[in-house]
Amino acid sequence: MALTVISAKYPPQIDVTRTPFAYGDRALPRLNRELNDGTLLVRQRAVMSLCDYLHDPEHIAEALRCGIAQSLKELLVDADITVRQKSTECLHVIAGHAIGRNAFLDHGIIMPISKLFDDKEDIARKNAHKAVEMISKTPPGAEGIVTGDLVPMLVKKLQSEVEEIKEMILDTLHYCMRVDTKKALEAGAMETFTQLLAHNSEVIRAKAARDIMDLSVPLDGKNKAVEVESVAALVEMLKDATPDVRANAAGALMTITITTKGKYTAIKDNAIPELVELVNDPVSEVRLNALKALTCLSEAPEGRETLLNHVDLIKTRTGDEIPAVVKAAQIAVKVITWKP
């Protein structure tokens, strides 16, 4: 005869770490109320449930109308790591939507979440950087980060953070430098990016080269790249096994060599032979950037003299399957063979 066993465990469909949802349109108001509860366990369960709930895009607008953004902002300074971690994760999800990015600016969340860049827990710092990176993808968000004077802090964090977070910081700075490069230059970003070109991670090397290209757009950036010997490091990266690293390094050289000082520095650092090797690279972006960089270098008499020996090789790219590469090759041949 079978006997009834009385178990102290919860049924398998009940998760004690999450608060049960109220029915229908009462779910978010109840969660918002519990987010502000004085009991730690209530706050933990509410923020865990909210994190799952917000992954449905249909709930984002209603959550913002209920004041969830303001409640999450206040939870960023909570003493409990679980609450801080899940709050930043919720804000990252919200930041993935246009209406959510507007809420970041409306509620002034950028500065409070940046305080977590110094959090002792890796996961809290990671989620904070993920949210800020998401915000930086829009011009108003990037401007908010620059205006908040967070660029010097981000540059400094590149020297001490773990690899995964370094990648996010490099992306954030990439978007911020589209808005303003002055603060990054003043914070020593060019020196930091140049050091990262020697990093073990291919992703970090590629993003560092890309950020050097961004920072070299203004004249001050080009001069700074020459001053801190970024050109020599970029030339070395042209031999990297990773296509993204080669493409971004060639793109950075293309930008720096617009100036006369940049041209002669690159020629002195033997950039021409390395760039010529990339003319037949299997990746179209690498070929394109290499041809554009060679075009800039051929504007110097010494560069033109050297490249006249490689005109036939460059001419072969006029039959490339990528129209942009064809155009770049035609311009390169025209500049190299120019006679006064």
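A simple spin-label model places pseudo-atoms 7 Å from Cα toward Cβ; at residue 137 and residue 229 they are separated by 3.9 nm. Annotation note: GluC sites (Glu not before Pro) in segment 67-151 located in DSSP loop regions with a Cβ neighbour count of at most 16 within 10 Å are 121.
Per residue, what accessible area does segment 180-320 have, given a 1.4 Å probe and all protein chains present, in Å²?
41 Å²
An ellipsoid equivalent to segment 227-340, defined through the eigenvalues of its Cα gyration tensor, has semi-axes of 19, 18, 10 Å when rounded to whole angstrom and sorted largest first.
Compute the Kirkwood hydrodynamic radius of the chain, taking the inverse of the mean of 1/r over all pairs of distinct Cα atoms, and give it in Å to one decimal. Could you put the intermediate results ahead of the total?
Details: mean 1/r = 0.0441 Å⁻¹.
Hydrodynamic radius (Kirkwood, Cα pairs) of the chain is 22.7 Å.
Here the Debye sum runs over all C-alpha atoms of segment 102-202 as equal scatterers in vacuum, and log10 of I(q)/I(0) at q = 0.15, 0.18, 0.23 Å⁻¹ comes out as -0.55, -0.80, -1.29. Which net charge results for the neighbourhood of residue 298, defined as the other residues with beta-carbon distances under 14 angstrom from its beta-carbon, given Lys and Arg at +1 and Asp and Glu at -1? So the environment of residue 298 carries a net charge of +3. With the helix formula -39500 (n - 2.57) applied to DSSP H stretches of n ≥ 4, the chain reaches a computed 222 nm mean residue ellipticity of -19500 deg cm²/dmol.
With R₀ fixed at 25 Å, the C-beta to C-beta distance from residue 40 to residue 203 puts the FRET efficiency at about 0.10. Under the combined filter of DSSP loop state and at most 10 neighbouring Cβ atoms within 10 Å, segment 35-129 retains these trypsin sites (Lys or Arg not before Pro): 120.
The values are calculated or read from the model by the stated rules, or taken from the named source; none is laboratory data. Quick caveat: nothing in here was measured; it's all calculated off a predicted structure. Cβ sites come from the backbone with ideal geometry, for glycine too, and all protein chains shown count toward neighbours. The area values use the complete protein model at the heavy-atom level, side chains included, leaving out ligands, DNA and RNA. Shrake-Rupley method; radii C 1.70, N 1.55, O 1.52, S 1.80 Å.
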